[in-house]
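J.: Before I ask anything, let me first share the structure, which is written out below as structure tokens.
The values are calculated or read from the model by the stated rules, or taken from the named source; none is laboratory data. What you see is a predicted model, and the numbers here were worked out from it, not measured in a lab. No Cβ is skipped: glycine too gets one built from the backbone with ideal geometry, and neighbour counts run over all protein chains shown.
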């Protein structure tokens with residue numbers, strides 16, 4: 001969709017320019033309190049599942065920096081990281097991904113490459129569009145939703161997407177970010193892993209056969 005791409009480019013470039021003081025401030029604070037690296041770079045599946053490098057601000061210390069990190073990932077996220085996640089400031093560098101064409105402003109969130117083998121054919125359709133910085137699932141519960149609810153909302157967006165819906169989601173995202181709701185699932189730093197959920201369910205089914 002040419003109009004969507006132009007919309008993404010315009011808003012992302014203007015947003016990056018307008019937010020550049022905050023961008024620089026976050027870089028400085030991370031450098032002072034967490035050191036290097038400043039950015040978290042991870043391969044994620046993009047359009048049609050094609051991998052790309054997702055860019056975010058780092059919110060966790062390296063595993064080697066905390067003896068407890070191998071036991072529980074929650075030990076690796078410190079107060080600064082929690083603040084960056086709650087305010088979604090860690091997502092700001094993804095504007096660069098949008099400008100590069102790896103992502104859109106609005107679309108299904110790019111998840112882990114590890115999850116790809118576990119999707120049903122219907123769930124994999126979430127890759128029929130570019131992944132987004134925010135999405136319909138993010139403004140309808142974020143990580144407080146179950147995986148099934150997230151995927152259903154992603155697929156609804158894909159079937160009904162248009163520029164006006166994108167604008168609506170972007171506006172609602174501001175409210176969600178300010179409220180800080182849904183940043184993490186209960187008893188998790190963010191969300192329980194989808195692949196472990198599927199494996200666990202499969203093991204349970206095999207146990208009762």
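Per-residue answers, yes or no, for (1) over 18 Å from residue 92 (Cα atoms); (2) surrounded by 16 or more Cβ atoms within 10 Å (Cβ to Cβ); (3) touching a residue at least 60 places away in the same chain (Cβ under 8 Å):
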position	(1), (2), (3)
6	yes, no, no
9	no, no, yes
21	no, no, no
27	no, no, no
30	no, yes, no
35	yes, no, no
41	no, no, no
51	yes, no, yes
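J.: State all residues of the range 118-143 that are outside any helix (DSSP H, G or I) and either in contact (Cβ under 8 Å) with a residue 60 or more places away in the chain or within 15 Å of the chain's Cα centre (by Cα) (or both); if no residue qualifies, say none.
T.: Matches in the range 118-143: 129, 130, 131, 132, 133, 134, 135, 136, 137, 141.
J.: In addition: Could you say whether any residue in the range 130-147 is surrounded by 21 or more Cβ atoms within 10 Å (Cβ to Cβ) and within 16 Å of residue 51 (Cβ to Cβ)?
T.: Yes, the range 130-147 has at least one match.
J.: Go over the candidates 171, 158 one by one and state the one that is in a helix (DSSP H, G or I) and surrounded by 14 or more Cβ atoms within 10 Å (Cβ to Cβ). So that I can check it myself, show each step before the final result.
T.: Values: 171 fails: surrounded by 14 or more Cβ atoms within 10 Å (Cβ to Cβ).
Being in a helix (DSSP H, G or I) and surrounded by 14 or more Cβ atoms within 10 Å (Cβ to Cβ) holds for just one of 171, 158, which is 158.
J.: Quick one: in the range 53-65, of everything that is part of a loop (DSSP other than H, G, I, E, B) and at pLDDT 90 or above, which residue is surrounded by the fewest Cβ atoms within 10 Å (Cβ to Cβ)? Show your work before the answer.
T.: Pass one, the range 53-65, residues part of a loop (DSSP other than H, G, I, E, B): 58-59, 61-62.
Cutting the leftovers down to at pLDDT 90 or above gives us 58-59.
Numbers: 58: 19, 59: 21.
Out of the qualifying residues, it is 58.
J.: Same structure, new question: If I go through the range 174-206 residue by residue, how many of them are farther than 11 Å from residue 147 by Cβ, crowded, with 16+ Cβ neighbours inside 10 Å and at pLDDT below 70?
T.: Qualifying residue count, the range 174-206: 4.
Residue by residue, here is whether (1) modelled with pLDDT under 95; (2) within 30 Å of residue 35 (Cα to Cα); (3) out of contact with any helix residue (DSSP H, G or I) (no Cβ under 6 Å at 6 or more places or on another chain); (4) part of a loop (DSSP other than H, G, I, E, B) holds:
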{"residue": "67", "(1), (2), (3), (4)": "yes, yes, yes, yes"}
{"residue": "75", "(1), (2), (3), (4)": "yes, yes, yes, no"}
{"residue": "80", "(1), (2), (3), (4)": "yes, yes, no, no"}
{"residue": "110", "(1), (2), (3), (4)": "no, yes, yes, yes"}
{"residue": "151", "(1), (2), (3), (4)": "no, no, no, no"}
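J.: Would you point out which residue out of 13, 30, 41 is farther than 23 Å from residue 127 by Cα, modelled with pLDDT of 95 or more and in contact with a strand residue (DSSP E or B) (Cβ under 7 Å, 6 or more places away or on another chain)? So that I can check it myself, show each step before the final result.
T.: Details: 13 fails: in contact with a strand residue (DSSP E or B) (Cβ under 7 Å, 6 or more places away or on another chain); 41 fails: farther than 23 Å from residue 127 by Cα.
Selected residue: 30, the only one of 13, 30, 41 that is farther than 23 Å from residue 127 by Cα, modelled with pLDDT of 95 or more and in contact with a strand residue (DSSP E or B) (Cβ under 7 Å, 6 or more places away or on another chain).
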